[in-house]
Every structure is written in C-alpha cells, then in structure tokens.
Amino acid sequence: MTATTRTALRARINEFTYHGGTAAALRDVGLEIEGGSLTAILGGSGSGKSTLGKLLGGWLRAGHSGTLRGSLELGGTRLDFDGSAADPRINPAEWFRRAAFVPQEAAAMLSTVRSSVAEELAFGLENRATPRQEMLRAVDRTAAVTGLSGLLDRDPATLSGGELRRLAVGCAVITEPEVLVLDEPLASLDPAGTAQVTDVIRNLVAGGSAVVVLSQAVDGLALQARQWIVLDDGTATAAGPPGKITESAELEASGVRLPGSAVSALASTSPGPERVLGKGPAILELLGVGFSYPVASRRNGPATANEVQRTNVLRDLDFSLRPGEIVRIVGPNGAGKSTLLRLFNGLLRPSSGDVRVGGNSIARTPVGRVAASVGLLFQHPRDQLFERTALREVCFGLRPLFGPGGATVRALAALDEVGLSNAAQVHPAELSASQQRLLALATVLAREPAVLALDEPTVGLDRHGVERLSHAVKEAAERGAGVVLVTNDAGYGRTAADRNLEFDAGRLREL
Amino acid sequence: MSSSPLTLSEAGRTASRNRRILEILGAAAIAGTYVFLVLTQPADIANGPVSFSALVALGGFLLGAVLLIVAVLPALPTSTLVLVPVALVLNVVLGQIMGSSGLPFYFDAIGTVLIAVLAGPAAGAATGALSSIVWSFFNPTVLPFAAGSALIGFLAGLAARGGLFRRFYLAPVAGFITGIFAGVVSAPIAAFVFGGTSGVGTGAIVSAFRAMGDTLMAAITKQALISDPMDKAIVFAIAALLAYALPRRTTFQFPFVRRFRVLAGKAPATPAA
Amino acid sequence: MRLHPFTALTAAACTAVATTAAASWQLSFAVSIISSVLAVRAGVAGRVLSAAAVTVGPLCLSLVVLHGLFFPEGRTVLAEWGPARVTAEGLQFALDLASRTSACVLVLLLFSFTVSVPDLVSALAASRIPPQFGFVLASTLTLLPAIVGSLDRIRQAQEARGLLLRGSLLAHLGALRLQMVPLVQGLIEDAGIRGQALEARGFGAPGPHTSYRHVDDPPGQQIFRALALVLAAAAVALRLLASWPTASL
C-alpha cells in the first residue's frame, strides 16, 4: 500500500434503503476517515447513525440488507454501487477484518457459543483458520490492549456492562483493522467503565487506527475527536472540526445532547403556582420495608455471582410520595433501585414492612389492579410493546377505564404529549429507540396514574426525547401525580426533581 | 496483503448438484423406510420383532434426516442459521406453554413453521430436523421424530411459497394437510420405537382403537390422523399470527419473503391514511 | 481420565442401540441401573433422573394403561372388564418397551448432563461436521436460560401496564398472545443482528477452520470408539438377521 494518502475509509452514500423500508434510511452522506484519527458522528435517535456505522463496518451489505447507491472505498479499493444486481458483493468477513463495527448492544457482537472470554476473542480467528499458536498470541495481545487480561477465563455471560463493551471492542480489534466504528461506546456505562473504554479508544487512535464513534451526545469522547459529522434524519447536515460545529444551528437541530445546554431547557421545572406540592396525604408510602432475594438455586447451570450476592437489598426502608411531587433516586448499579420500583406496584412483595398506595396496603392486590394507580416504566420498552400500531398500543386496556370513544381520545392525547402524533399508525418496532421509550411512556400516561415511576427514563433518549419526557413529567406532576425518577443522569434528574434521594446500605438518604 | 478480496465472486454452482442428490437421497431414505415398515410390520407384536422394526425405523429415518441436514446446512445463509436456535427454543417454550392445556395436541412445531414461513422449505426442513436432534440433548425421546419434523418444516415452507400464508384463513388449511403427512410418517416411530404415545389424550384415542381390535400401527396411525391435522392447523395459525405481528422491516430482510411475497396479504390490511 | 466428548457420546449411543437390538428387559434394567449409578457418581443424579422422569414417566404410564388393558394380540387373559382385557402378553410388552425406552433415555441423558458443552462444541468443530451444527447446539443452550428471563421481564412489564393475568381460558390465551409477540419479535430481531455479527466475524465462510480450545483425544479412546461402533453394529446385524420378517403382508 502506497502512502500517497492516509485516507483509510471514504464513503459516498447517495442513498441507502432497507428492504421493506418505505423511505431511505440514509441520503447524501459523504465522509472521509484518516488513519490515526478520531471522528465523531453525532445525531439524534433515528438519525441513521447505526445504519451508517453498520454500512461502514461490514454489518450491512449493499444488495443483501438493502439498496445502496453510492461508493465505498477502503484502503484504496473503491466499490461502486448503483442498486442493481450487478453491484459488487461485499465479503463481510474480509471487510470487517479491515473496517470493524462494534454495536451499542455489546452482547449482540458475541457468538453466544463460546464459554470463555479468550475463546470469544479467538472466534473470529478460528473462522479464518489462524494457526493455534498465532491465536494464543493474538488473544494475549488483544486482551492487553482492551484490559481484559484478568478476565480471559470468565464466562462472557457473567461480565459487567463495561467489561462486555471492552470484550466487544476486543473481538473487533483482534484482527487489527485499519478502521474501527463504535456505536455509542459509552452508553449506560458507570464512570469507571466510561474511563476504561475511553482509555482503550485513545490507545487505539494513538496506535494508528482510524476510529469513528457514533453518539447522540457530545460526551467526553466526542470532545476529543478531530472531526465531527452531524447526521440529521439520514442526511449529513454539517461536517468539520468540532470548533466550527459546536455552536451551529445544524447541531442544535439534530437532537444531539449537548453538555449543559439540554439542561437549560428544562430548568424551569421547579414547583410552579399550579403545583400543589406537599398538600394532601401521601399517595405512596413504604413503611419499614425490607427485601431480600431468595438465595439463588436455579435448576439449569450455576447462578451468576451477581445473583448469589444480591440478598438483603433493602432494609427497614421508609419512603413517602405526595401528590405533585417529583422525587429522584440515585445509587450505584445493583443497589436495589429497580427492586424498589417493583415494590411500588407489587411485582415484588416486601419480606417485611408494608407498601401503601393511596392509603391502602397493596399486599393482597394483584399487580394488574395496582397498575391503575401506579404507572411503571421499565428500561426495555420493547418488552412492554406488543401491538401493531402505536395508537393501538396506547389504546390497549383503556376501554374499560374510559369507554370506547374516550379511550381513543385519551390515547391520541397521550401520543401528542410525547410528540408521537405523527407516528400513530407506525409499527412500534419500527420506531427509533428514543420513540419506543416515549411510546411506552405514553401507554403509562394515558392511564393517568396517581404515581408515575420511571426507571432510567433518559437512557437512549436524544435531546428532543429528553425535552418531551421532561414536559410530560411536569404535566403529570401539575395534574397532581407523584413522580419517582430512578436515574443517574445528572443533567436531567437533578433539575427536574423536588427531592433527591440516594441509596445507602439498603435505605434512602436525602441528598 | 492486498490479495484477499473485499468482494465475493459469484457463488459456484458445482456443489449445489451434490446437495440436490443428498436431499433426494434423504427424502428417499425416509419414504423407503416408511414403506418398508408398513409392508413388514410384525403381525404378532412382541419385543423381538418390534425391536427389529424399531431399529429399521430409527436407522432409516435418522439417516434421512442427517442426509437432509448435510445437504441443506452448509448452504444455509448465516442470517437463516441464527434462526434455527430461535425456532428450537420457541418450539420448546411455546410447546410447553400451550401443551399445559392437556389437549391431545403437541404444539411443538410453532418455531419450525415460523422459520419455514420466513426462510423457505429447505430452511424449514433443516430447522425441523436440527431442532429435533439438538433438543434430544435434553429429551432423547424426540430424536426419532427428526424426519417428521423435517417434513413439517418443508411443507410449511412450500405452503408459504405457494402464498397460503397471505390470507389468515388459508394457513390452518395448509397446516391440516401438513398434519396428515406428518402424522402418517411419524406413526411407525410411535408404534415401534415407543410402543405408544406419551400424552394422556393421545393415549386414550389409541386405546380406543386398540379396543376395537386394530393393530398397534393402525391404531396409532388413526390417532395421528385425528390429532395431527388439528394440531398442525392450530400451529400454522399461531405461526401466521406471529408472522403478521412482525414489522415489515424484519420480515423483508428475508429474501424468501421478498421473492415470493409470502406475507403480502398483510400490507393492504393496515390502514395507510 | 477425562473422556473425550465423542468417546462419551459413542459409548452412550452404542449402549442405546445395543439395548434396543437386544430386546431384553433384563438388559434394559441393567443399563438403567448402571446409568443411574454412574449419574450418582458424577453428581448429576438429580438432574438426570428428574429429566428422565419428565420425559419417560408419562410414556411408561401410558404404555401400561394402553397395553395392560387393550392388547388384542394377547392370549393369556388375566382379567376382563367390558372391552378392557388384561393380558400377560400386553403387560410383558409394556414392560419390555417401557424398560427399553427408560434405559436409552437414561444413558443418553447421562451423556448430556456430564459432557462439557464447550468441549463438545470444539470437538464438533474439529471434526468434519459442519460448524453450523455446533453453533445451533451451543447457541440453543445459551438462549434457553435467556428466554426464561426475558419471558419473565415481558410478563412484569405487561402486568405493570395493567394486564391482569387471570380469568377464563380465552382471556388467558389472549394474554399469552401478548407475551408471545414481543418475545418472538425480540428473538428474531436479535437473531438478525447476531447473524450480521457472525458473518462479519467470518462465521459461515467456506474453507478450513481452526480451534482455540484444545481437546485431548488419546489413541486409547479412539480404539475404544471403533470397538464400540463395531459391537453396536454387530448387535444390530444379529437382530436384523434374527427377526427378518419372513412372511410379508
């Protein structure tokens, strides 16, 4: 390879449409990535970031996964596509060896058929018939680069989020690609995990790799990038050095979460005149609640270390929520935040103490009935959605509460509140991640519960999404609902909440 | 270094003829075994002669299933292969959920039929056979039924190709017909390898025919003709419902669905305006 | 000594075949007992026996009722109630088949629950069996516990939306559909993504493969496997010769 240019990857995408897609997922995107550089592709939810990343990293292939018009150039080899049957067919394995993609959901990268980290790392080499001695060396080298040396014998299923992310990166870099594309590499990592992954990426760039990160927030990594590309609705609207783009209208419009600015839009959530904070009896009370998971004894396979140790999560915990109040609860992963939320509506029952909703103990009330007063939103919206259109999804179960006419009116209002009026007839699975979360929120809002409990509501939301969420939460509180936000998102939660609580040894402590 | 190509050349057709031969041999092994078993079924059933028939049934059907797998598996695209474990898990889990009803049905092919609808007859046959073989890891009694499962997957794929999944009411019809074939082919296994069926409902039906003086093989075949078509009609209907619930973008990633307009019926049904 | 996965598999399969060929309830019982003892010694008795009970229990019960009461070929009638006739031949047949199936199931389950799945997968990969087969086996074993977890998550999420899981059978089936849809959708979507990842990592590409995990295959075990296969084949041949049907229909 001659060194006339250091361009590792050049892409010109005039149009890319998924098979069965009604509109192009990408239009007019051009980019040029140099070796030894860090590029950030910034865009909101549904902007086409992941599609672009997968096209660049050999996961999506022209013809196979959709129709591509444009060209891709990797290491001096240029491939032109015009969407016809005569287009070149990309060899995914060879492409990925030289330009690798790491998905946001790190577990999706894993083969699911290897029982240790070392074997998982070697999986890609095995398929390329790499001699065993060479594999052993490559695994050691990659483990050192990604900080996995101490974990080589662990079962991948037992890794933490940050470890899993590093394993996924390791699986991609073990073949020493020239280009590495990472989708949201810092999403939902705790500070320790963030620091480690950032370190790995910095080292790869220093080693001469061209690294591309896809992100919907201007985070620590994006700030280190040499080049930014702003993606909005499938199109590149701005590109250039960060300094030129930071203040641009394109970035502002894209829905990318900016450090600081997103917060200012929400700062006005303090108790306004409409809010009847602190009056009336508590709508939700936990009295001396204790909870411990039964010591794990699963039939199939050994329990993970996590399960065995998570006994006695909550101890003698008191909590009360008043109408119109917004409470934020923080705590490290595994402290029992999600457990607490599940106690609110009876999905879990306390081993001691009592949970009261609207003054009545829910000890003998089925979850489905408590749900009328306590709306709970989980982290994975996909589990909650099962209908064929967004409107039917929100309408589900409303009829007995509001009558046939009232149900539709109420559902449309809820969709409007989260900004999904235009998507009423769209299949929930075809919405973007951000929209799916908002749809799940709408299903809860439409029932007008007295208590609204949201588990990490901002994860996966872009700035538009966070604005919608914050608006909806505020509306609900003004209506008189009590809101509990379990979130470690300092940007959103702190400004929105009237009270901040922290988990401390199985109890809640005022911050 | 720059020698390894970034693109694939056109797939060679040389191996496909060998695969076709293997497929035919596999199907012939299954059909031949069935005919042989029916012609030579022991008039006087006792352990010895039944053991002979059991060995023939096991050998012939398993050979057929393995030949089919060998023929189809290496040619199966990875995007389809990853669905085989999903089908298997769905067969087991949905089968267990539905099977708790105590009806004389099995409901153990929902996943296989779903994959056949999405990926075609060859994938369906491989899924059926593989899922039996892999599931026998936990439940060895399903292993002998591998050939029957392959047939179900194959016929479901054919039905999908013929457009029977475009309309909801046609799917159970296809299932009913599939059930007739699958039940008849699996009857010798139940008769000679296991000597009966393990369900309460199915067992009662076999008992009734035996009480009327039927041979074991005849009684089980008649039972299969009562249970299987109904069972497969329900299974096909459930699989159709599940396929309709999938978003277009998911179903359209399968070339089989695109090429044969397998689920075309659902597009106009959704109101666009 | 650690058994190569294929040695254990061959031993189990050959035992099952030979037991079927022998057609003797005494041998079937012996195989069952030996398998159970080995299971106890391997510390998997509980899992093997409970899995066997679930699969063979209903079958055995059904056989006893079916052949015990209705066996038109039976001549030695022990008791009679209306259409039901208890015959010695029927009971003997039920005993033969129930013991045979139990023996085969026990010995095969003993293999399943003692083999190291990673070793088995890499042994499969090292042999000429297509790597796709090992993938399906191992991936299924990974997916099964995961699917139980996701079914539980889906149920919780839907109950939190106000779904009441009770009432008539019809209502129950309706609720079931609501759970199956997100489950199937999620599984198929995930499988699609996994397929992209696997192809990118070179899986399914034609050509040779190597294996990172090394599984010892001592020559002694290879000879044992060959012997076991020959013996099983001999047992089958003897049975075929002994019981070849002379009078066709």
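The values are calculated or read from the model by the stated rules, or taken from the named source; none is laboratory data. Predicted, not measured: the structure shown is a model, and the values here were computed from it. Cβ sites come from the backbone with ideal geometry, for glycine too, and all protein chains shown count toward neighbours.
Here's a check for you: in region C:92-135, which residue that is touching a His at 6+ places or on another chain (Cβ under 7 Å) and not small (Gly, Ala, Ser) is modelled with the lowest pLDDT? Taking the candidates together, the pick is C:131.
Taken over region B:130-139, the residue count meeting the criterion of being within 7 Å of chain C (Cβ to nearest Cβ) and either modelled with pLDDT of 90 or more or within 19 Å of residue B:82 (Cβ to Cβ) (or both) is 3.
With respect to the conditions (1) surrounded by 24 or more Cβ atoms within 10 Å (Cβ to Cβ); (2) of a type in the set (D, E, K, R); (3) touching a Ser or Thr at 6+ places or on another chain (Cβ under 8 Å), residue A:489 falls short on a single one, namely (1). Just to verify a result, which residue in region C:24-70, among those that are of a type in the set (Phe, Trp, Tyr) and more than 7 Å from chain B (Cβ to nearest Cβ), is surrounded by the fewest Cβ atoms within 10 Å (Cβ to Cβ)? The selected residue is C:29. May I ask you to verify whether residue C:99 is more than 18 Å from residue B:204 (Cα to Cα), assigned to a helix (DSSP H, G or I) and at the interface with chain B (Cβ under 7 Å from one of its Cβ atoms)? Considered against the rule, which asks whether it is more than 18 Å from residue B:204 (Cα to Cα), assigned to a helix (DSSP H, G or I) and at the interface with chain B (Cβ under 7 Å from one of its Cβ atoms), residue C:99 comes out as no.
Residues that are part of a helix (DSSP H, G or I) and more than 15 Å from the chain's Cα centre (by Cα) were ranked within region B:94-129; the one that is modelled with the highest pLDDT is B:94. The criterion of at least 3 residues that are more than 14 Å from chain B (Cβ to nearest Cβ) and touching a strand residue (DSSP E or B) at 6+ places or on another chain (Cβ under 8 Å) is met, among strands (runs of 3 or more DSSP E) falling completely within region A:14-94, by A:26-34, A:38-43.
Whenever a residue of region A:149-168 is in contact (Cβ under 8 Å) with a residue 12 or more places away in the chain, its partners that are surrounded by fewer than 18 Cβ atoms within 10 Å (Cβ to Cβ) and β-branched (Val, Ile, Thr), lying with C-beta atoms within less than 7 angstrom and at least six residues away or across chains, give the pairs A:158/A:304. Give me a count of the residues in region B:230-256 that are touching a residue at least 40 places away in the same chain (Cβ under 8 Å) and more than 19 Å from the chain's Cα centre (by Cα). Qualifying residue count for the region: 4.
When you look at residue A:388, is it out of contact with any Lys or Arg (no Cβ under 8 Å at 6 or more places or on another chain), part of a helix (DSSP H, G or I) and among the basic types (Lys, Arg), yes or no?
Numbers: out of contact with any Lys or Arg (no Cβ under 8 Å at 6 or more places or on another chain): yes; part of a helix (DSSP H, G or I): no; among the basic types (Lys, Arg): yes.
For residue A:388, the condition - out of contact with any Lys or Arg (no Cβ under 8 Å at 6 or more places or on another chain), part of a helix (DSSP H, G or I) and among the basic types (Lys, Arg) - is not met.
Considering region A:231-253, and only residues there that are assigned to a strand (DSSP E or B) and among the β-branched types (Val, Ile, Thr), the residue that is nearest to residue A:21 (Cα to Cα) turns out to be A:235.
The one condition from (1) in a loop (DSSP other than H, G, I, E, B); (2) at pLDDT below 85 that residue C:202 does not meet is (2). Residue C:83 meets each of the listed conditions (1) out of contact with any helix residue (DSSP H, G or I) (no Cβ under 6 Å at 6 or more places or on another chain); (2) surrounded by fewer than 16 Cβ atoms within 10 Å (Cβ to Cβ) apart from (1). Of the set (1) touching a residue at least 12 places away in the same chain (Cβ under 8 Å); (2) closer than 30 Å to residue C:218 by Cα; (3) part of a helix (DSSP H, G or I), all apply to residue C:2 but (3). Checking the structure you have, find out if any residue of region B:140-152 is more than 17 Å from the chain's Cα centre (by Cα) and touching a residue at least 60 places away in the same chain (Cβ under 8 Å). No, every residue in region B:140-152 fails to be more than 17 Å from the chain's Cα centre (by Cα) and touching a residue at least 60 places away in the same chain (Cβ under 8 Å). Under 11 Å from residue A:168 (Cα atoms), modelled with pLDDT under 90 and in contact with a helix residue (DSSP H, G or I) (Cβ under 7 Å, 6 or more places away or on another chain): is that true of residue A:100 in this structure? When the stated conditions are applied, residue A:100 does not pass them. If I filter region A:395-412 for residues that are in contact with a Cys (Cβ under 6 Å, 6 or more places away or on another chain), modelled with pLDDT of 85 or more and among the aliphatic types (A, V, I, L, M), do I get at least one hit? Within region A:395-412, one or more residues are in contact with a Cys (Cβ under 6 Å, 6 or more places away or on another chain), modelled with pLDDT of 85 or more and among the aliphatic types (A, V, I, L, M). Does any residue of region A:449-463 turn out to be assigned to a loop (DSSP other than H, G, I, E, B), of a type outside the set (D, E, K, R) and closer than 12 Å to residue A:390 by Cβ? No, every residue in region A:449-463 fails to be assigned to a loop (DSSP other than H, G, I, E, B), of a type outside the set (D, E, K, R) and closer than 12 Å to residue A:390 by Cβ. Screening B:151, B:90 for residues that are buried (at least 23 other Cβ atoms within 10 Å of the Cβ), within 13 Å of chain C (Cβ to nearest Cβ) and either aliphatic (A, V, I, L, M) or within 21 Å of residue C:132 (Cα to Cα) (or both) leaves exactly one candidate, B:90.
Considering only residues that are touching a residue at least 40 places away in the same chain (Cβ under 8 Å) and among the aromatic types (Phe, Trp, Tyr), which ones fall in region B:103-137? Answer for region B:103-137, where residues must be touching a residue at least 40 places away in the same chain (Cβ under 8 Å) and among the aromatic types (Phe, Trp, Tyr): B:105, B:106, B:107, B:135. Among the residues making up region C:105-164, those that are more than 7 Å from chain A (Cβ to nearest Cβ), in contact (Cβ under 8 Å) with a residue 12 or more places away in the chain and not in a helix (DSSP H, G or I) are C:115, C:116, C:127. Taken as a whole, the condition of being assigned to a loop (DSSP other than H, G, I, E, B), in contact with a Lys or Arg (Cβ under 7 Å, 6 or more places away or on another chain) and over 29 Å from residue B:242 (Cα atoms) does not apply to residue C:207.
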